[in-house]
Amino acid sequence: MLSLQFFGQNLHFAVNLFAALVFFAVFWLYFDAWINKKNSKELFKWAGALLLFVSFLLHATAIEQSVLGRSIFGDTTQALTVIFRFLGYAGLIIGQILDPLQKVPKSKGITNEEFNDEPKPKAAKVKAAPAALAVGKVFGLIFALPVGALTIALLYYRRASKGLERHLRPVATAFLLLAISELIALGGLFRGTNNPQIYNLVKAFGPLWIAELLFLLASALVLGHWVWNYLIKRFLSQLFMIFILITLTVFLLTTVSFTYLLTRSVQNNSLDNLETASNVLSYALDSKRAETRANAEAVAQSSQVVSAVQSKDHKSLSAQAKSFLADKKESSLIITTSSAQVLLRAEDPERWSDSISSDPLVRKALVGETASTIVTTQGVLAPILSIKSAVPVRDASNLIIGTVTTSVVIDNGLVDGIKSATGLDSAVYSDNALSATTLTAPDGKTRQLGVKQTNQAITSTVLKNGKVFKGSLGILNRQYLAVYTPLKDVNNTVVGMLFIGQPQSAVLKTAGHSIELTFLLAAGLLLLSIVPAYFTSKYLSYQLD
């Protein structure tokens, strides 16, 4: 499945586009009133609403650069969004200040409280514009947007509570919700923090990001419901907004569908590439297996070793194998007699003369077979996987007189080499527990060894059925595209898994510019559709009249 980041980015596009449509409807309402009167107060109102429409339209096309990669426009889109938003709020504030308050008429014997349908709230007097502007100067430009939205909410609430325009109460509520959304958006300024708790709270697609979008959606719904009740009074406006709404819906469906198919295609290609990369890890293990076998054969063919095995000379074998482990970078070297009695353990020279006849690899060597396998042993923090090879030792007459067994531990150095070559994370599992990995804790240093993979789909596909698994899943609290392949021993029994993966966000970054251009194209086409939608509506309205 595609990540939440993809759906989040498209939800951001849809909600902001809807908010833009709502403010376009508000612009149209005020513009229609201005056409008849041509006064300055309505001019500032429709100009402010139009600027907010442009602001939200621009913001809809903005991508989360931490997820989709660097925008092709850099920070220009965000800067223009802030500028148009600020100017839009300023226009609405000025328009409200210039528009005189329609006071409740005073009638003998009737008080304001009796005249109003609703009880007057006991609140401090609001001097909206001067107070808000002063606050904006105190807190700086960074707080201008939430302060601007809050100022507009207070101005509309003042008109609804002190004057006759009680119908403006939903508008005040809408701008209050918008102010909360703008305030929550300031949390994005803390995304550079080193505190993981704060970062998880303010990160893109995190809790605050979602809350910001929800408050914006609530604001747009309240304001949209209010403005629609006025637009349906005129047939031309009805037709015009219906055409725009249909166009918006078509663009949204087309954009989301296209970006979904694009991202899905990139994801599938990424999984195919990961499956190819998993072969690189398998090849690296095969190379280690061949190297271990070659080292064992080199020891078994040494005339000095053959002579020492024939005479069961432990001391001579110890002297010959003294530097073997360091020179060949092997973890273990064991030499036995033809009865599987240990003559030498190079890693522990004092422990010898015991029998390892139960070792299946040694038994194969004693019957003349050269064999390699993967074995697992329990370590302190995590299970240890090793590549183990055994070869027979033959005398001059080609009789088997003993065996040589070598092994090398599969450690982090192997997977680090894979990551250096491919740029991909990799890991080796003993059964379902991490034995070696490039995956680290949030500190970027601690390896997550010993952590178990508990995904049932992986357990069933890889460990039980010995097949390749590829897909999207969570690993150590991060979403990855991953490929798991079975790791088998000499008896063809699955003893572990190989993992190759990359963070799923890399898929979105690959498709980032295409997604951004798709958003821009949809927004541009929406703008271009306004003119033909208006003239079509006007023509139909004229014909019906």
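Selection of the stretch 201-226 for residues being touching a Ser or Thr at 6+ places or on another chain (Cβ under 8 Å) and not in a helix (DSSP H, G or I) yields Lys203, Ala204.
The set of residues in the stretch 170-201 that are of a type in the set (Ser, Thr, Tyr) and farther than 24 Å from Gln65 by Cβ contains only Thr173.
With the structure loaded, tell me whether Ala47 is out of contact with any Asp or Glu (no Cβ under 8 Å at 6 or more places or on another chain), aliphatic (A, V, I, L, M), in a helix (DSSP H, G or I) and more than 15 Å from Asn16 (Cα to Cα) or whether it fails that test. Yes: the conditions hold for Ala47. Inside the stretch 484-494, can you point out the residues that are among the β-branched types (Val, Ile, Thr), farther than 13 Å from Lys470 by Cβ and touching a Leu at 6+ places or on another chain (Cβ under 6 Å)? Across the stretch 484-494, the qualifying residue is only Val494.
This table checks each residue for (1) in the same structural domain as Ser181 (by TED's automatic domain parsing); (2) under 30 Å from Gly512 (Cβ atoms).
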| residue | (1), (2) |
| --- | --- |
| Glu212 | yes, yes |
| Leu223 | yes, no |
| Trp226 | yes, no |
| Asn229 | yes, no |
| Phe240 | yes, no |
| Thr247 | yes, yes |
| Thr254 | yes, yes |
| Arg264 | yes, yes |
| Ala284 | no, no |
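Which condition from (1) within 30 Å of Leu361 (Cβ to Cβ); (2) hydroxyl-bearing (Ser, Thr, Tyr); (3) surrounded by fewer than 17 Cβ atoms within 10 Å (Cβ to Cβ); (4) in contact with a helix residue (DSSP H, G or I) (Cβ under 9 Å, 6 or more places away or on another chain) is the one that Thr493 breaks? Of the numbered conditions (1) within 30 Å of Leu361 (Cβ to Cβ); (2) hydroxyl-bearing (Ser, Thr, Tyr); (3) surrounded by fewer than 17 Cβ atoms within 10 Å (Cβ to Cβ); (4) in contact with a helix residue (DSSP H, G or I) (Cβ under 9 Å, 6 or more places away or on another chain), the odd one out for Thr493 is (4). From the list Ile180, Ile184, the lone residue that is modelled with pLDDT of 90 or more, surrounded by 15 or more Cβ atoms within 10 Å (Cβ to Cβ), hydrophobic (A, V, I, L, M, F, W, C) and touching an Asp or Glu at 6+ places or on another chain (Cβ under 7 Å) is Ile184.
Scanning the stretch 194-226 for residues that are surrounded by 14 or more Cβ atoms within 10 Å (Cβ to Cβ) and not aliphatic (A, V, I, L, M) returns Tyr199, Lys203, Phe205, Gly206, Trp209, Glu212, Phe215, Ser219, Gly224, Trp226. Looking across the stretch 1-58 at every residue that is at pLDDT below 85 and small (Gly, Ala, Ser), the one that is nearest to the chain's Cα centre (by Cα) is identified as Ser3. Every listed requirement among (1) crowded, with 17+ Cβ neighbours inside 10 Å; (2) in contact with a strand residue (DSSP E or B) (Cβ under 9 Å, 6 or more places away or on another chain); (3) not in a strand (DSSP E or B) is met by Ser389 save one, (3). Residue check: Met241 meets all listed conditions (1) modelled with pLDDT under 85; (2) crowded, with 16+ Cβ neighbours inside 10 Å; (3) touching a Ser or Thr at 6+ places or on another chain (Cβ under 8 Å); (4) in a helix (DSSP H, G or I) but one, namely (3). The requirement of being at pLDDT below 90 and either in the same structural domain as Arg264 (by TED's automatic domain parsing) or not in a strand (DSSP E or B) (or both) is satisfied by Ala506. Against the condition surrounded by fewer than 18 Cβ atoms within 10 Å (Cβ to Cβ) and of a type in the set (Lys, Arg), how does Lys470 come out, does it pass? For Lys470, the condition - surrounded by fewer than 18 Cβ atoms within 10 Å (Cβ to Cβ) and of a type in the set (Lys, Arg) - is not met.
The values are calculated or read from the model by the stated rules, or taken from the named source; none is laboratory data. Just so we're clear, the structure is a prediction, and the values are computed from it rather than from any experiment. Every residue, glycine as well, gets a Cβ built from its backbone with ideal geometry; the counts of neighbours run over all protein chains shown.
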